[in-house]
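Peer 1: The structure under discussion is supplied below as structure tokens; questions concerning it will follow.
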Amino acid sequence: MNKRQEAYNSMAHKVIGEMNRHHDSWKSNSVISSTVEKINGLFKKIEKTNARQNQSTKGISQKKREFRKQLDNTTNIFLGIFRSYAKTTNNDELYENSNKSLSEIKKIKDTEIIVLVNSTIDFATNHKKDLKDYGITDVMISDYQTSLVGYNEYLSKPQEIQAEKKTATAELKQLFKDLDEQLTEYLDNHMMQFVEKEPQFYSDYENARIIYDDPTISKSLMGTVSDAHEPAHVLQYVKVTVKFKAGSELADKVKMTTAKGNFQFKGLPEGVCTVTFEKNKYVTQTVETEIHKNAMTRLNVQLKKIDE
């Protein structure tokens with residue numbers, strides 16, 4: 001997870017912690033129960049996917065280097081023996097093909113060293129009797145083959161892990177999108193029924209919804225506006241105005257709620273501000289709130305109709 005996802009994940013767990021603490025208030029509500037169950041399911045998926053994303057290639061890369069070192073050193077020994085044999089038998093072609101120093105062997109690419117090792121093993125196997133007096137034994141050839149098998153096994157693993165990490169990163173992005181949808185589009189709206197019925201529960205929920213410790217966060221203030229008489233009915237085209245005290249970095253800033261009743265402000269300075277909500281045929285409401293550094297403040301409100 002990146003820093004933003006870690007901060008959001010921490011917030012979401014605090015929210016579910018508060019939901020569990022107030023379980024008696026909503027345990028008979030099938031809609032809320034279903035949403036909480038979906039969020040808990042997303043937590044499990046996020047945990048597993050994060051583990052896949054955090055896989056390390058350190059141990060595998062180290063093992064690969066160890067096998068490569070063994071191959072390089074053993075190849076250097078075999079080629080030296082081949083050169084000695086080539087000189088004795090006047091085999092100029094074999095001498096030329098075997099004339100590689102250890103430093104030159106180390107510079108050979110990973111895939112190309114496999115070709116060289118295979119050809120070296122083949123020659124040594126096919127000429128075991130002739131090479132016996134030069135020091136090559138069945139045990140040497142067998143150990144050489146074992147090193148090659150080990151090298152082959154670890155050669156592609158770092159690339160496989162990197163591909164898996166990339167896939168997990170993409171999956172985490174979608175999982176957090178799904179988590180945000182469950183919280184913003186569903187649970188936030190479900191919770192509106194407790195604004196007046198159980199204000200302490202709603203207050204605890206709202207406090208848990210604040211995202212802290214995210215240096216990359218862009219949203220300073222966000223929330224949902226709904227009808228006080230019908231909390232499930234969100235309100236579109238509500239004028240939301242944020243006002244700061246005179247002399248602050250920012251004067252007034254205005255937004256309109258979306259079709260889902262949502263609003264958001266980005267890049268607001270720290271400090272106390274007032275937020276005013278206005279809509280035709282509804283009573284204007286002003287709320288005081290505080291903007292925190294590296295945190296997202298959530299403010300959900302319910303507007304009463306003028307004739308209520």
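The values are calculated or read from the model by the stated rules, or taken from the named source; none is laboratory data. Everything numeric in this text was worked out from a predicted model, so none of it was measured. Positions of Cβ are generated from backbone atoms using ideal geometry, with glycine treated the same way; all protein chains shown enter the neighbour counts.
Peer 1: Any chance you could count how many residues in region 27-40 are touching a residue at least 24 places away in the same chain (Cβ under 8 Å) and assigned to a helix (DSSP H, G or I)? Let's see the steps before the verdict.
Peer 2: Narrowing region 27-40 to residues touching a residue at least 24 places away in the same chain (Cβ under 8 Å): 29, 31-32, 35-36, 38-40.
Cutting the leftovers down to assigned to a helix (DSSP H, G or I) gives us 31-32, 35-36, 38-40.
Counting residues in region 27-40 that are touching a residue at least 24 places away in the same chain (Cβ under 8 Å) and assigned to a helix (DSSP H, G or I) gives 7.
Peer 1: For residue 302, are the conditions met, namely being in contact with a Pro (Cβ under 8 Å, 6 or more places away or on another chain) and surrounded by 14 or more Cβ atoms within 10 Å (Cβ to Cβ)? First the steps, then the outcome.
Peer 2: Values: in contact with a Pro (Cβ under 8 Å, 6 or more places away or on another chain): yes; surrounded by 14 or more Cβ atoms within 10 Å (Cβ to Cβ): yes.
So residue 302 passes the test.
Peer 1: Shifting gears a bit: Would you check if residue 182 is under 24 Å from residue 42 (Cα atoms), among the polar types (S, T, N, Q) and modelled with pLDDT of 85 or more?
Peer 2: Values: under 24 Å from residue 42 (Cα atoms): yes; among the polar types (S, T, N, Q): yes; modelled with pLDDT of 85 or more: yes.
Criteria met by residue 182.
Peer 1: Still on this structure, please answer the following. Considering only region 41-121, give the helices (runs of 4 or more DSSP H) lying wholly within it that have at least 1 residues that are under 25 Å from residue 167 (Cα atoms). Full working, then the answer.
Peer 2: On the way: elements: 58-88, 92-98, 102-106.
Correct list: 58-88.
Peer 1: Same structure, new question: Just checking, how many residues over region 227-258 are within 17 Å of residue 192 (Cα to Cα), surrounded by fewer than 14 Cβ atoms within 10 Å (Cβ to Cβ) and modelled with pLDDT of 85 or more?
Peer 2: Matching residues across region 227-258 total 4.
Peer 1: Could you give me the residue pairs with C-beta distances under 8 Å whose first residue belongs to region 266-283 and is on the phi > 0 side of the Ramachandran plot, whose second residue is assigned to a strand (DSSP E or B) and of a type outside the set (Gly, Ala, Ser) wherever it lies, and which are 6+ apart or on separate chains?
Peer 2: Here the result reads 271/244; 271/290; 271/291; 281/305, each pair linking region 266-283 to a residue that is assigned to a strand (DSSP E or B) and of a type outside the set (Gly, Ala, Ser).
Peer 1: Inside region 200-226, can you point out the residues that are at pLDDT below 85, part of a loop (DSSP other than H, G, I, E, B) and under 22 Å from residue 22 (Cα atoms)?
Peer 2: Hit for region 200-226 is 210, nothing else.
Peer 1: What's the total number of residues in region 147-170 that are of a type in the set (D, E, K, R) and buried (at least 17 other Cβ atoms within 10 Å of the Cβ)? Full working, then the answer.
Peer 2: Keep residues of region 147-170 that are of a type in the set (D, E, K, R), which gives 153, 157, 160, 164-166.
Still in the running and buried (at least 17 other Cβ atoms within 10 Å of the Cβ): none.
Adding up the residues that qualify gives 0.
Peer 1: Condition check: within 30 Å of residue 170 (Cβ to Cβ), surrounded by 14 or more Cβ atoms within 10 Å (Cβ to Cβ), hydroxyl-bearing (Ser, Thr, Tyr) and within 50 Å of the chain's Cα centre (by Cα). Does residue 120 satisfy that?
Peer 2: Numbers: within 30 Å of residue 170 (Cβ to Cβ): no; surrounded by 14 or more Cβ atoms within 10 Å (Cβ to Cβ): yes; hydroxyl-bearing (Ser, Thr, Tyr): yes; within 50 Å of the chain's Cα centre (by Cα): yes.
Criteria not met by residue 120.
Peer 1: So, in region 267-288, exactly how many residues are at pLDDT 90 or above and either within 32 Å of the chain's Cα centre (by Cα) or not in a strand (DSSP E or B) (or both)? If you could, list the steps in order and put the result at the bottom.
Peer 2: So the first thing to find is which residues in region 267-288 are at pLDDT 90 or above, and the list is 274-288.
Then drop every residue that is not either within 32 Å of the chain's Cα centre (by Cα) or not in a strand (DSSP E or B) (or both), which leaves 279-281, 283-284.
So the count comes out to 5.
Peer 1: Would you check if there is a residue in region 127-146 being closer than 25 Å to residue 45 by Cβ and surrounded by fewer than 18 Cβ atoms within 10 Å (Cβ to Cβ)?
Peer 2: Kept after step one, since they are closer than 25 Å to residue 45 by Cβ, are these residues of region 127-146: none.
Within region 127-146, none of the residues are closer than 25 Å to residue 45 by Cβ and surrounded by fewer than 18 Cβ atoms within 10 Å (Cβ to Cβ).
Peer 1: Let me ask you something else. With buried (at least 17 other Cβ atoms within 10 Å of the Cβ), closer than 20 Å to residue 179 by Cα, touching a helix residue (DSSP H, G or I) at 6+ places or on another chain (Cβ under 8 Å) and at pLDDT 95 or above as the only criterion, which of 42, 79 stands out?
Peer 2: On the way: 79 fails: closer than 20 Å to residue 179 by Cα.
Within the list 42, 79, the selection yields 42.
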